[in-house]
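One structure below.
The values are calculated or read from the model by the stated rules, or taken from the named source; none is laboratory data. Everything quoted here is computed from the prediction, not taken from an experiment. For neighbour counting, all protein chains shown are included, and Cβ atoms are generated from backbone atoms with ideal geometry for every residue, glycine included.
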Amino acid sequence: MYRCQNCGYASIKWLGRCPQCGQWESLVEAQRDTPSTPPQALAQIPLEETVRRPTQLAEFDRVLGGGLIPGSVILVGGEPGIGKSTLALQIAARLAQDAPVLYISGEESPGQIKLRAERLKIAETEQLLILHEHDLEAICEQIRQTNARAVVVDSIQTVIPAGGSAGLGTTYQVGQATFELSQLARAQKIPILLIGHITKAGEFAGPKAIEHLVDVALYIEGGRDSDVRIVRAVKNRFGSTEEIGVFQMTEGGLVEIANPSQFFTERSGPVPPGSVIVPTVEGTRPILVEIQALVAFTRSTFPQRRATGLDLNRVALLVAVIEKHLGAQLSTEDIYVNVAGGLALRETALDLGIVAALVSSFKEKPIDSQTVVVGEVGLLGEVRRVRKLRERLSEAARLGYTRAVIPAGERVELREIELCPVGTLAQAMEALGI
Ligand code: TYD
Ligand code: MG
């Protein structure tokens with residue numbers, strides 16, 4: 001067997017040029033596979049107990065579903081500079097309090113990692129081992145030798161498998177390294193965290209290309225102008241992919257935001273027109289957010305339509321619904337909408353809040369600062385029900401809000417908060433006094 005080192009194409013005879021990817025002289029003779037094992041009867045397979053190892057970083061554990069599972073591979077992806085190495089070092093340091101942890105860096109020297117550890121005020125420990133290495137065989141050897149109970153590989157794109165001369169960062173190389181490391185994770189019964197860069201050149205040899213090989217795939221997201229970092233799972237063999245972890249990048253590394261509602265709704269002074277508080281739900285957790293809108297007259301033939309943290313198509317649809325059902329003329333207005341604090345949200349339950357913010361700005365009438373707004377908006381101008389209304393309202397009550405505009409037809413009883421059920425957009429605007 002011959003295999004292309006660039007794309008993984010297999011051929012029974014040697015070829016000068018790979019017919020799949022076009023690379024010259026990339027085919028090398030592949031090792032014969034080990035003897036095959038017979039299948040097992042399902043009934044005979046013992047049930048394995050999964051014991052999660054919490055990282056003690058509660059927001060990270062929440063996304064994992066409770067902690068790291070020994071024998072699993074966890075991919076942590078994100079754009080360069082988002083904070084992957086910072087998070088990985090913080091986690092490694094916490095895990096090293098109990099058992100040896102190996103942090104393998106192909107990008108930074110031990111000296112650079114030491115500097116970062118100083119910044120992060122990571123306690124000196126003999127159990128956090130740093131290794132600068134690219135060679136996959138050497139990496140595997142050191143994982144076995146050090147008997148590390150958890151491993152970080154920063155990044156998977158800098159790991160070179162045996163005979164890997166096709167260059168760093170090809171899909172084949174990244175896939176091969178991931179595959180071998182996941183086998184080792186299983187054999188050693190340890191969790192291995194793989195860091196993967198989302199590259200500018202597209203996602204060809206990036207984390208996307210190895211998602212199918214890992215047990216858990218997490219991404220760190222964050223706006224360029226924001227220090228908020230969201231950790232989100234796109235794949236989780238051991239839990240839900242709905243939970244998010246909320247962090248803030250500070251001088252001392254990533255700090256958990258334990259009370260996101262408070263964090264995302266901090267407003268001071270009188271509330272200006274265009275601002276409204278909406279209870280959204282991420283996974284199982286309700287989070288209050290502030291939606292801001294700016295609607296301003298323009299003479300341009302092509303008024304601006306911009307949305308940050310919200311789906312622009314959804315905003316455009318809501319603008320059309322406002323024009324049709326509230327009779328507001330918005331075609332001569334520039335429209336900007338965003339979620340304060342750098343969160344990105346995709347929930348139709350935000351619709352009524354978006355409409356309220358837009359109308360509030362357009363009419364230059366502020367919305368009462370103690371009121372929250374929630375509801376999906378239909379094309380006919382009707383306000384529709386949302387899931388988890390009770391959780392949303394409880395969160396609003398917890399934060400001290402006193403009034404909520406909600407879809408009609410919901411049976412929620414909550415003493416702490418005055419409920420204003422509305423069936424249509426017009427009723428909602430009336431309830432809000434805008
Ligand atoms: P880093 O973890 O190196 O990103 P990645 O591994 O994803 O490429 O972090 C990058 C940025 O974070 C860098 O611009 C500096 C900043 N940073 C802080 O603000 N505080 C800190 O404590 C650390 C370590 C980094
Ligand atoms: Mg890094």
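Tell me which residues, restricted to region 95-110, are in a loop (DSSP other than H, G, I, E, B) and within 13 Å of ligand 1 (Cβ to nearest atom).
Keep residues of region 95-110 that are in a loop (DSSP other than H, G, I, E, B), which gives 96-100, 106-109.
Result: 106, 107, 108.
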Next item on the list: Considering only region 300-327, state which residues are farther than 28 Å from residue 243 by Cα, touching a strand residue (DSSP E or B) at 6+ places or on another chain (Cβ under 7 Å) and surrounded by 20 or more Cβ atoms within 10 Å (Cβ to Cβ).
Entry: 319
Next item on the list: Kindly indicate whether any position in region 191-209 is β-branched (Val, Ile, Thr), modelled with pLDDT of 95 or more, farther than 12 Å from residue 75 by Cβ and crowded, with 17+ Cβ neighbours inside 10 Å.
Entry: no
Next item on the list: Select from region 89-108 the residues that are near ligand 2 (Cβ under 9 Å from one of its atoms) and surrounded by fewer than 21 Cβ atoms within 10 Å (Cβ to Cβ) and list them in ascending order.
Entry: 107, 108
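For the condition buried (at least 16 other Cβ atoms within 10 Å of the Cβ), of a type outside the set (A, V, I, L, M, F, W, C) and touching an Asp or Glu at 6+ places or on another chain (Cβ under 8 Å), what is the one hit in 16, 78? Give the steps one after another, and end with the answer.
Values: 16 fails: buried (at least 16 other Cβ atoms within 10 Å of the Cβ).
None of the others qualify; the one that does is 78.
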Check: Only one of 224, 285 is under 18 Å from the mean Cα position of the chain (by Cα), within 16 Å of ligand 1 (Cβ to nearest atom), basic (Lys, Arg) and surrounded by fewer than 22 Cβ atoms within 10 Å (Cβ to Cβ); which?
Finding: 224
Notebook entry, point to check: Being surrounded by 19 or more Cβ atoms within 10 Å (Cβ to Cβ), under 28 Å from residue 10 (Cα atoms) and more than 15 Å from ligand 1 (Cβ to nearest atom), is that true of even one residue in region 111-134?
Noted result: no
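Select, from 9, 2, the only residue that is more than 30 Å from residue 242 (Cα to Cα) and touching a Phe, Trp or Tyr at 6+ places or on another chain (Cβ under 8 Å). Reasoning before the result, please.
Numbers: 9 fails: touching a Phe, Trp or Tyr at 6+ places or on another chain (Cβ under 8 Å).
Matching residue, one of 9, 2: 2.
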Margin query: Checking the structure you have, find out if any residue of region 66-85 is near ligand 1 (Cβ under 9 Å from one of its atoms) and in a helix (DSSP H, G or I).
Written below: yes
Next item on the list: Sort out which residues of region 300-324 are closer than 18 Å to residue 353 by Cβ, at pLDDT below 95 and not polar (S, T, N, Q), and write them in order of number.
Entry: 309
Check: With 56, 20 as the choices, which residue is within 22 Å of residue 218 (Cα to Cα) and part of a loop (DSSP other than H, G, I, E, B)?
Finding: 56
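Residue by residue, here is whether (1) under 24 Å from residue 405 (Cβ atoms); (2) in contact (Cβ under 8 Å) with a residue 40 or more places away in the chain holds:
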| position | (1), (2) |
| --- | --- |
| 243 | no, yes |
| 276 | yes, yes |
| 294 | yes, yes |
| 298 | no, no |
| 312 | no, no |
| 318 | yes, yes |
Notebook entry, point to check: Hey, residue 147 hits all of (1) at positive phi; (2) modelled with pLDDT of 90 or more; (3) within 16 Å of ligand 1 (Cβ to nearest atom) but one; which does it fall short on?
Noted result: (3)
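Which of the following residues is polar (S, T, N, Q), touching a strand residue (DSSP E or B) at 6+ places or on another chain (Cβ under 8 Å) and at pLDDT 90 or above: 11, 72, 26? Don't jump to the end; show me each part of the working.
Numbers: 11 fails: at pLDDT 90 or above; 26 fails: at pLDDT 90 or above.
It is 72.
Does residue 341 fit the bill of being over 20 Å from residue 371 (Cβ atoms) and not in a helix (DSSP H, G or I)? Step through it out loud before you land on a result.
Values: over 20 Å from residue 371 (Cβ atoms): no; not in a helix (DSSP H, G or I): yes.
It is false that residue 341 is over 20 Å from residue 371 (Cβ atoms) and not in a helix (DSSP H, G or I).
Conditions tested, residue by residue: (1) more than 20 Å from residue 275 (Cβ to Cβ); (2) assigned to a strand (DSSP E or B); (3) in contact with a strand residue (DSSP E or B) (Cβ under 9 Å, 6 or more places away or on another chain).
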residue: 365; (1), (2), (3): no, no, no
residue: 372; (1), (2), (3): no, yes, yes
residue: 379; (1), (2), (3): yes, no, no
residue: 386; (1), (2), (3): yes, no, yes
residue: 412; (1), (2), (3): yes, no, yes
residue: 427; (1), (2), (3): yes, no, yes
Next item on the list: Considering only residues that are away from ligand 2 (no atom under 11 Å from the Cβ) and closer than 17 Å to residue 196 by Cα, look in region 65-88 and name the one that is nearest to the chain's Cα centre (by Cα).
Entry: 77
Notebook entry, point to check: Taking the stated definitions as given, is residue 90 farther than 23 Å from residue 178 by Cα and either polar (S, T, N, Q) or more than 16 Å from ligand 1 (Cβ to nearest atom) (or both)?
Noted result: no
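Here's the yes/no breakdown for (1) surrounded by fewer than 16 Cβ atoms within 10 Å (Cβ to Cβ); (2) of a type in the set (Ser, Thr, Tyr):
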site	(1), (2)
272	yes, no
289	no, no
293	no, no
298	yes, yes
Check: Going through region 400-416 one residue at a time, which ones are among the hydrophobic types (A, V, I, L, M, F, W, C) and at pLDDT 95 or above?
Finding: 404, 405, 406, 408
Check: Say we look at region 220-234 and pick out the residues that are touching a residue at least 60 places away in the same chain (Cβ under 8 Å) and among the basic types (Lys, Arg); which of these is farthest from ligand 2 (Cβ to nearest atom)?
Finding: 232
